[in-house]
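J.: Before I ask anything, let me first share the structure, which is written out below as structure tokens.
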Amino acid sequence: MSKKQRDSLYAEVQKHQQRLQEQLQQQNGEVEALARVYTSSISNGLSNLNSDIGGTYSNGHIIDLPKTEGGSAYYSVDSTQPSPDQSGIDMAEIKQIKQEPIYDLTPVPNLFTYSSFTDGQLAPGVTMTELDRIAQNIIKSHLETCQYTVEELQQLAWQTHTYEDIKMYQNKTRDLLWQQCAIQITHAIQYVVEFAKRITGFMDLCQNDQILLLKSGCLEVVLVRMCRAFNPLNNTVLFEGKYGGMQMFKALGSDDLVSAAFDFAKSLCSLQLTEEEIALFSAAVLISPGGVGAYHG
């Protein structure tokens, strides 16, 4: 997906988040902002944040990370980081972030073989044991923050939208279908933010770097995770509980964008990555040392 396509998608999601928020405010009075994760425009600069990368920017945009108390109904996992906040989302269409089991991964010795690295590739003081520990943390974080487990995806594999369902989506207005897509994307982003927070060292970065890395890589990780819910045999993707093809998104009026997303998912599926490999690849995409504007402080 090109930068132009990514920017276009961010702009659409932000626009429809705002519209949904206004509708909820009209119906229910004062409500919290819908999907308060990642509403900053891709083109806007970011400034000071409150602690724990959750707060308000000087331009009014916010990235709200969870402030749940102990015993949260959403997560009960072995993590020092709270879970994605959904207190401002009161819509039946949005699937609540479910409680996942604690993944007690047995450390796999020598996850990386010494032959994988040449002399000088490891930073001074970094050992293979440390790399193994970091990899295990990333894999555990990935498994605990996926919207669907492998077993759930297998059960849904052949649950497809009917012809009538597809016609219903095609007959929706452009704005209405974008709103539905914005809800799904926003929810997926919440999981990615939680994934990032659980990665060893991420919360030790300066706040600007945390936000810049999320800003530049969050949607890409959503697309990487999309391949888990993509069926390359019939070119369908999981959307609102069932699988459907590109024709389901015709009303969006963004055929090039939809086609690019489907092509990417199909290409990634062809690699037949394991969950462990998807986890490590997602972390590499998200925490890239070449992040534009990152201070690395």
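J.: Within the range 100-132, take every residue that is among the charged types (D, E, K, R) and surrounded by 14 or more Cβ atoms within 10 Å (Cβ to Cβ) and give me the one that is modelled with the highest pLDDT.
T.: Restricting to residues being among the charged types (D, E, K, R) and surrounded by 14 or more Cβ atoms within 10 Å (Cβ to Cβ), the top hit is D132.
J.: What tally of residues in the range 128-177 results from selecting those that are part of a helix (DSSP H, G or I) and of a type in the set (S, T, Y)?
T.: Result for the range 128-177: 4.
J.: Is there any pair linking a residue in the range 138-151 that is under 15 Å from L273 (Cα atoms) to one that is surrounded by fewer than 20 Cβ atoms within 10 Å (Cβ to Cβ) and of a type in the set (S, T, Y), with Cβ under 6 Å and at least six apart or on different chains, and which?
T.: From the range 138-151, the pairs are L143/Y103.
J.: Let me ask something else about it. Regarding D209, is this residue part of a helix (DSSP H, G or I), at pLDDT below 95 and not hydrophobic (A, V, I, L, M, F, W, C)?
T.: Answer is yes for this residue.
One line per residue, one yes/no per condition, for (1) at positive phi; (2) surrounded by 19 or more Cβ atoms within 10 Å (Cβ to Cβ); (3) over 13 Å from the mean Cα position of the chain (by Cα); (4) modelled with pLDDT of 95 or more:
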position: L177; (1), (2), (3), (4): no, yes, yes, yes
position: Y191; (1), (2), (3), (4): no, yes, no, yes
position: F230; (1), (2), (3), (4): no, yes, yes, yes
position: G245; (1), (2), (3), (4): no, no, yes, yes
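J.: Which one of the conditions (1) closer than 18 Å to Q170 by Cβ; (2) in contact (Cβ under 8 Å) with a residue 60 or more places away in the chain does R225 fail to meet, given that it meets all the rest?
T.: (1)
J.: Has the range 251-265 got at least one residue that is more than 21 Å from T173 (Cβ to Cβ), in a strand (DSSP E or B) and at pLDDT 95 or above?
T.: no
The values are calculated or read from the model by the stated rules, or taken from the named source; none is laboratory data. Every value quoted in this text rests on a predicted model; they were computed, and no experiment measured them. All Cβ positions, glycine included, derive from the backbone under ideal geometry; neighbour counts span all protein chains shown.
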